[in-house]
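The values are calculated or read from the model by the stated rules, or taken from the named source; none is laboratory data. Bear in mind the structure is a predicted one, so any value in this text is a computation, not a measurement. Reconstructed Cβ throughout: ideal geometry from the backbone, glycine too, with neighbour counts over all protein chains shown.
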Amino acid sequence: MLSIVSTRHAGAQQYSRLDLGGFIEAGGEADRYLRVLQISGLVPLTSWSIQPFAPTQAKKLRAAGAHPWRARFDAENGAANVSDGAHLLRPQARLIENSAFPFQEGGGPTWAGRGLTGDVQLGGLGSWGFLYAQLAPLAFASQNLSFTLAPNGQTGPGRFGDPRFPTNIDAPQRFGDTRYSRLETGSSSFFADGGGFVFGATNAPQRWGPAREYPLVLSPNPGGFPTVFVGTSTPANLWLFRLHTRLVYSQLDQSAYSPVDTGDTRRFGSGIVGVIEPRGAPGLEIGGTRFIHDPWPASGLSLSLVRRPLSSGFNFTGIANNAETENQVASVFARWALPTAKAEFYGEFYKEDYPGHFHTSLSLIEKPDDLSAFTIGFQRVFTARPQFFRVLRGEIVNSQVSHQERETRGFSIPLPPYVHGIEVQGHTVDGMILGSPEAYGGAAWRIGVDDYTPSGRRTISLERSLRFDWLPADTDSSLVHPDVLYALRFELLRFLGNVEWQVTLIPAIDLNRNLVAGRDVFNLTAAFTFRGLP
């Protein structure tokens, strides 16, 4: 069962859904927990880099032996197997309080501004043979109290826009100056899964690549968006390797504070992700992604748009192959799950736009850090016994613009990933970044310890994120006083009969907020989540 959306954090992503039913939501509690079971040798080795999982793959991942939440899995056995017929999703109610500034406590689409934010989600799922469907609407409202905005040189509604590139990306600092609320279709999905293939439509969060905290192309950060897709339901055995792939077509909308305020504001997103698992190297997955933004086709969908993700992804002429009005991003990644060592290691390298040929200013060989980012991470299970698991994990992301790349591409200021000169909504949907906010021209790391017991989970983690080191209104001080945020996270999840509750406390300090030297602002995020079982 998929359930429960939390909130997105522009400086620290952490997901807090508990979805122990037939579907496994990207970034959800079951996703994180089953991944730990895989590196412990209790879940079959399979690709973890294309989510949401198809129902067939989700069922295989539940073939686990003794582990701390075995009884919890068994208690939901009917929904866990997605037996034919209809089932209710567990409803969730959630409250989040931010004392000084917006701080997101998990994945979107809920946005937690300053003050009190609440969301609620409920719905149902069903299956009929090879057909699976879920309806899971979500509503949220944020008090959205005022706080000091970073100056971006804009006036009117534009002042709520991005601090650095308010005319080149739809990433508001604040969603207006009144209460902000939305009703979403949530993690609603339809799958047709059979014969080794899956196709359908979904609004569920997506994640491409192996990163747990900082995925670079598609992440659970903004929640879901309308997508139709086709691909393999589980990795297909081609003898030399197993292949897992998915092709997607999406509608991408914008916020009310986007730089685009006339005409059709929608974009057409298309992309492909593929993973191979080489024969003779159990647990190793190597893959790549490609995602393209185009203007919404006014005359209807064309064959060229449908084929676009499958067209050439390389440029050997030195002339950009992008259409003038489009933008595209891509990455390569690898993950190695090692159950004998009870560990996994993974990494992802991201690029934006076509590189030039070997001898141009945009050469992939001469300047690989042009509009690039990388993520590296690990997990290690130190204690694994039937009633207790202890996990140490860490991850780092870096997309800071190197000195040699500053003042290139016609910009006199550093140009980070996710920004585009013509497709000015950037790599976003509904005002939230499709990848990781920390990879938007900054850097971050997180290290944490999770304890899993039969009664739930407890977590402590420490994280640091560089929000930005320059602003249009104050570029000189950016070299001396970067805006850096440190946060300590405490989470306690408990199972009580047929319900679950979770408490999260996140004391955080933002040093030199908005590049003002000595303006150190403390924020306390407190969240309470209640989930019921029907």
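If I ask for residues that are modelled with pLDDT under 95 and under 17 Å from Phe23 (Cβ atoms), which ones from segment 234-249 would you list?
Thr234, the sole residue that qualifies.
Of everything in segment 344-358, what is within 22 Å of the chain's Cα centre (by Cα) and either modelled with pLDDT of 95 or more or part of a strand (DSSP E or B) (or both)? Give them in sequence order.
Start the filter on segment 344-358 by keeping residues that are within 22 Å of the chain's Cα centre (by Cα), which leaves 344-353.
Across segment 344-358, the qualifying residues are Glu344, Phe345, Tyr346, Gly347, Glu348, Phe349, Tyr350, Lys351, Glu352.
Within segment 105-127, work out how many residues are at negative phi and at pLDDT 90 or above.
Of the residues in that region, 12 qualify.
Name the residues in segment 439-468 that are farther than 26 Å from Asp520 by Cα and of a type in the set (Gly, Ala, Ser), would you?
Ser455, Gly456
In this structure, is Leu216 under 21 Å from Pro309 (Cβ atoms), in contact with a helix residue (DSSP H, G or I) (Cβ under 9 Å, 6 or more places away or on another chain) and outside any strand (DSSP E or B)? Talk me through it step by step, then tell me what you get.
Details: under 21 Å from Pro309 (Cβ atoms): yes; in contact with a helix residue (DSSP H, G or I) (Cβ under 9 Å, 6 or more places away or on another chain): yes; outside any strand (DSSP E or B): yes.
Yes; evaluated as a whole, the condition is true for this residue.
Only one of Asp162, Asp193 is crowded, with 18+ Cβ neighbours inside 10 Å, of a type in the set (Asp, Glu) and out of contact with any strand residue (DSSP E or B) (no Cβ under 8 Å at 6 or more places or on another chain). Can you tell me which? Before the answer, list the steps.
Values: Asp193 fails: out of contact with any strand residue (DSSP E or B) (no Cβ under 8 Å at 6 or more places or on another chain).
Of Asp162, Asp193, the one residue that is crowded, with 18+ Cβ neighbours inside 10 Å, of a type in the set (Asp, Glu) and out of contact with any strand residue (DSSP E or B) (no Cβ under 8 Å at 6 or more places or on another chain) is Asp162.
Quick check: anything in segment 207-228 over 21 Å from the mean Cα position of the chain (by Cα) and either closer than 20 Å to Ile169 by Cβ or at pLDDT 95 or above (or both)?
Here is the first cut: in segment 207-228, the residues over 21 Å from the mean Cα position of the chain (by Cα) are none.
No, segment 207-228 contains no residue that is over 21 Å from the mean Cα position of the chain (by Cα) and either closer than 20 Å to Ile169 by Cβ or at pLDDT 95 or above (or both).
To keep it simple, each residue is scored yes or no on (1) within 21 Å of Gly431 (Cα to Cα); (2) surrounded by 15 or more Cβ atoms within 10 Å (Cβ to Cβ); (3) without any contact (Cβ under 8 Å) to a residue 60 or more places away in the chain; (4) in contact with a Ser or Thr (Cβ under 9 Å, 6 or more places away or on another chain).
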| position | (1), (2), (3), (4) |
| --- | --- |
| Thr234 | no, yes, no, yes |
| Asn237 | no, no, yes, no |
| Thr262 | yes, no, yes, no |
| Val273 | no, yes, no, yes |
| Ser304 | no, no, yes, yes |
| Ser312 | no, no, yes, no |
| Val329 | yes, yes, no, yes |
| Trp336 | no, yes, yes, no |
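Condition test on Phe522, is it aromatic (Phe, Trp, Tyr), surrounded by fewer than 21 Cβ atoms within 10 Å (Cβ to Cβ) and closer than 17 Å to Gly28 by Cα? Break it down stepwise before answering.
Numbers: aromatic (Phe, Trp, Tyr): yes; surrounded by fewer than 21 Cβ atoms within 10 Å (Cβ to Cβ): yes; closer than 17 Å to Gly28 by Cα: no.
So Phe522 fails the test.
Hey, can you tell me all the residues within segment 142-162 that are among the polar types (S, T, N, Q) and in contact with a Phe, Trp or Tyr (Cβ under 6 Å, 6 or more places away or on another chain)?
Restricting attention to segment 142-162, the residues satisfying the condition of being among the polar types (S, T, N, Q) are 142-144, 146, 148, 152, 154-155.
Hits for segment 142-162 are Ser142, Asn144.
Here is a list: Gly106, Gly113. Which entry is assigned to a loop (DSSP other than H, G, I, E, B), in contact (Cβ under 8 Å) with a residue 60 or more places away in the chain, within 17 Å of Leu505 (Cβ to Cβ) and not β-branched (Val, Ile, Thr)?
Numbers: Gly113 fails: within 17 Å of Leu505 (Cβ to Cβ).
Testing whether each residue is assigned to a loop (DSSP other than H, G, I, E, B), in contact (Cβ under 8 Å) with a residue 60 or more places away in the chain, within 17 Å of Leu505 (Cβ to Cβ) and not β-branched (Val, Ile, Thr) leaves just Gly106.
Only one of Gly497, Gly431, Gly532 is surrounded by fewer than 21 Cβ atoms within 10 Å (Cβ to Cβ), of a type outside the set (Ser, Thr, Tyr) and at positive phi. Can you tell me which?
Details: Gly431 fails: surrounded by fewer than 21 Cβ atoms within 10 Å (Cβ to Cβ); Gly532 fails: at positive phi.
None of the other options fit; the residue is Gly497.
Please give the number of the condition Ser142 fails out of (1) buried (at least 24 other Cβ atoms within 10 Å of the Cβ); (2) on the phi > 0 side of the Ramachandran plot.
All conditions are met except number (2).
Can you pull out the residues in segment 454-492 that are modelled with pLDDT of 95 or more, touching a Leu at 6+ places or on another chain (Cβ under 6 Å) and surrounded by fewer than 20 Cβ atoms within 10 Å (Cβ to Cβ)?
Arg458, Leu462, Leu488, Phe490
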